[in-house]
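Colleague: Structure provided below as structure tokens; questions to follow.
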Amino acid sequence: MKQDNKEESSRIKPVVQLYPIPGYENLYSISKCGQVWSHERKITNNGGFQTIGGRFLKPSLMKRDGRINFCLHKDGKQSVLQVARLLLITFREGFGGGVVDHIDRNRLNNELSNLREVTNRENRLNSGMRSTNTSGFRGVSRYRSKQKWAARIQSEGESYHIGYFDSKEDAALAYDKVAKELHGEFAMLNFPI
């Protein structure tokens with residue numbers, strides 16, 4: 001009786017639509033929502049054979065940076081890959097294997113519409129506010145000797161002074177204007193439109 005149950009469980013097929021992961025065809029597939037399916041297959045184990053797979057893999061969450069990862073095995077080697085990268089490899093034609101950016105900066109939001117390939121520089125532009133920020137606005141700091149708020153921005157390794165302002169809100173608006181000019185779609189604004 002146990003053997004019948006084992007045979008039955010090995011025939012379980014996923015209900016979601018799955019697509020082969022390039023480079024891991026016949027080993028792993030992925031759904032558009034990021035579920036990874038390990039195909040059933042036989043592997044050598046201590047001189048014998050073992051049947052593995054036929055199940056959804058359990059994702060792991062990187063504590064350091066909050067990204068969702070999967071461990072994939074191929075040719076005796078293990079690779080830890082971000083689910084966002086697996087989605088772009090599978091569903092974005094022309095993905096060159098570069099840096100994967102979450103547009104809304106939420107690393108748990110792995111919808112295809114929220115993912116894009118960027119350069120390292122563009123990825124840094126889409127980072128959050130620094131933990132040492134005291135004004136509550138990006139690019140704005142208090143200039144005590146003048147009793148004003150200063151707006152500054154960096155681009156291409158250069159730092160630019162935008163000006164001094166009576167309120168931190170005015171300094172933030174000035175920063176936003178220059179950020180749009182310098183960084184375009186990657187500008188992180190204090191007052192998004």
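The values are calculated or read from the model by the stated rules, or taken from the named source; none is laboratory data. Values in this document were obtained by computation on a predicted structure and should not be read as measured data. Every residue, glycine among them, receives a Cβ derived from its backbone with ideal geometry; neighbour counts consider all protein chains shown. Accessible surface is based on the protein model in full, side chains and every heavy atom, while ligands, DNA and RNA are left aside. Shrake-Rupley method; radii C 1.70, N 1.55, O 1.52, S 1.80 Å.
Colleague: Which order do GLU25, GLU93 take when ranked by solvent-accessible area (1.4 Å probe, heavy atoms of all protein chains), largest first?
Modeller: GLU93, GLU25
Colleague: Which aspartates and glutamates have a Cα lying under 20 Å from the Cα of LYS77, excluding residues fewer than 8 positions away in the same chain?
Modeller: Within the straight-line cut-off, LYS77 pairs with GLU25, GLU40.
Colleague: Given contacts defined as C-alpha pairs under 8 Å and at least six residues apart, what's the relative contact order of the chain, whole-number percent?
Modeller: Answer for the chain is 11 percent.
Colleague: Quick check on the range 88-193: what does the Kirkwood estimate of hydrodynamic radius come out to from the alpha carbon pairs, in Å? Mind dumping the intermediate values first?
Modeller: Details: mean 1/r = 0.0655 Å⁻¹.
Evaluated on the range 88-193, it is 15.3 Å.
Colleague: Still on this structure: Which of the pairs LYS146/LYS180; LYS32/LYS63; LYS63/LYS177 have their Cα atoms more than 30 Å apart in this structure?
Modeller: Beyond 30 Å between Cα atoms: LYS63/LYS177.
Colleague: Cα axis of helix 168-183 to longest principal axis of the chain: angle in degrees, 0 to 90, nearest 10?
Modeller: Rounded to the nearest ten degrees, it is 60.
Colleague: Would you mind listing how long the chain runs along its three principal axes, going by Cα atoms, in whole Å with the largest first?
Modeller: So the three principal-axis extents are 83, 32, 32 Å.
Colleague: Okay, moving on. Dipole magnitude of the chain about its Cα centre, charges +1 at Lys/Arg Cβ and -1 at Asp/Glu Cβ only, in debye to the nearest 20? Mind dumping the intermediate values first?
Modeller: On the way: 31 positive and 21 negative charges, 143 e Å.
So the dipole magnitude of the chain works out to roughly 680 debye.
Colleague: Still on this structure, I have one more. Treating only the Cα positions of the range 60-135 as identical point scatterers, give the base-10 log of I(q)/I(0) from the Debye formula at each q in 0.12, 0.13, 0.19 Å⁻¹.
Modeller: For the range 60-135, the Cα-only Debye profile gives -0.39, -0.45, -0.87.
Colleague: A further question on this structure: Starting from 0.36 nm per residue, how many nanometres of slack lie between ILE103 and LEU61 once their C-alpha separation is accounted for?
Modeller: Value of the extension gain: 13.2 nm.
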